[in-house]
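What follows is calculated from the coordinates using simple rules that are stated; it is not laboratory data. Here the structure is a predicted model, which means the values were calculated and not measured. So basically every Cβ, Gly included, is an ideal-geometry build from the backbone, and we count neighbours across all protein chains shown.
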Amino acid sequence: MRFSANLGFLWNEIWLPDAIRAAKRAGFDAVECHWPYDIAARDVRKALSETGLTMLGLNTRRGNVDIGEMGLAAVPGRVQEACLHADEALAYARDIGARMVHVMAGNADGQEAEDTFVHTLLQVGQKAAKHDQMILIEPLNAYDAPGYFLKTTPQAVKILRRVGLTNVRLMFDCYHVGRTEGDVETRLQDVFAYIGHIQFAAVPDRGEPLHGTFDFLRFIKRLEGLGWDAPLGAEYKPVASTEESLGWLKSLRAK
């Protein structure tokens, strides 16, 4: 199994290009990030070229974080802004060779929000398809993201079916699924056909993966049995430094 370092959480205290270099030294196979827009794309490209790593994906902007916005794609009346954010993310992704963009839904609820999200994803997905890019949507648990529109994998699958584009897919985050839906392996089996990317962390504390209620090693074996071969995104919060948190990776590499 290959692993991607999510640089939104790992080495997030250092400049993104240097975090890419740190991920390479630590033995990761790829990287991903959250919001790289303050960093010149040329600096990110240089670090990726030096290390030979691929940047898998990034997020659209959240909006006004001072008032708690968490994306705009499902927020009624904000479609134009959401599409501009997606255009920016897709362009930046192309500039650094990343294929996936996570379109953040935002804080909203109800049928109008669902219709808005579907409308936005149709527009964004069609643009992404022209450049062989993938759009991801990710359910977030209500403990960490109260009020967020997209809450569960069944809700996400319903939306993906309405959108009907093969390049708009599910980001399956084991931590969020574990907090909200409980049985991560069963959910994986249920929605596997819709998944575009997988992330992991311990449940319930979002720490390193080899503790808590989520059996990470058994999950990996299940993925291997299903034929998954893309890198898994390590999106956890280290208790101490990132380097001190990597025992799980060293243990798996030693096998």
Taking the number of other C-beta atoms within 10 Å as the exposure measure, put Val31, Val191 in order starting with the fewest. Val191, Val31
Taking R0 as 45 Å, what's the FRET efficiency between Arg161 and Ser241 from their Cβ-Cβ distance, rounded to 0.05? 0.60
Starting from one equal scatterer on each C-alpha and no solvent at all, send me the Debye-based log10 I(q)/I(0) for the chain at q = 0.14 Å⁻¹, two decimals. -0.93
DSSP-assigned coil residues among chymotrypsin sites (Phe, Trp or Tyr not before Pro) in the range 98-172, each with at most 15 further Cβ atoms within 10 Å: Tyr143
Quick one: Karplus J couplings for the range 160-175, per residue in order, coefficients 6.51, -1.76, 1.60, θ = phi - 60°, nearest Hz, x for Gly and Pro? 4, 5, 5, 5, x, 9, 5, 9, 10, 9, 8, 8, 9, 9, 4, 5
Measuring from label point to label point, each 7 Å out along Cα→Cβ, what is the Lys130 to Ala40 span in nm? 2.8 nm
May I have the pair-distance distribution P(r) for the range 1-98, computed from all Cα-Cα distances with 5 Å bins from 0 and rounded to whole percent? 2, 13, 23, 22, 16, 11, 8, 3, 1, 0
Could you give the Stokes-Einstein D for the range 39-180 in µm² per second, using the C-alpha Kirkwood radius, 20 °C, 1.002 mPa s? 140 µm²/s
Classify the range 152-210 as rounded, prolate or oblate, taking a ≥ b ≥ c as the square roots of the eigenvalues of its Cα gyration tensor: rounded when a/c is under 1.5, otherwise prolate if a/b is larger than b/c and oblate if not. prolate
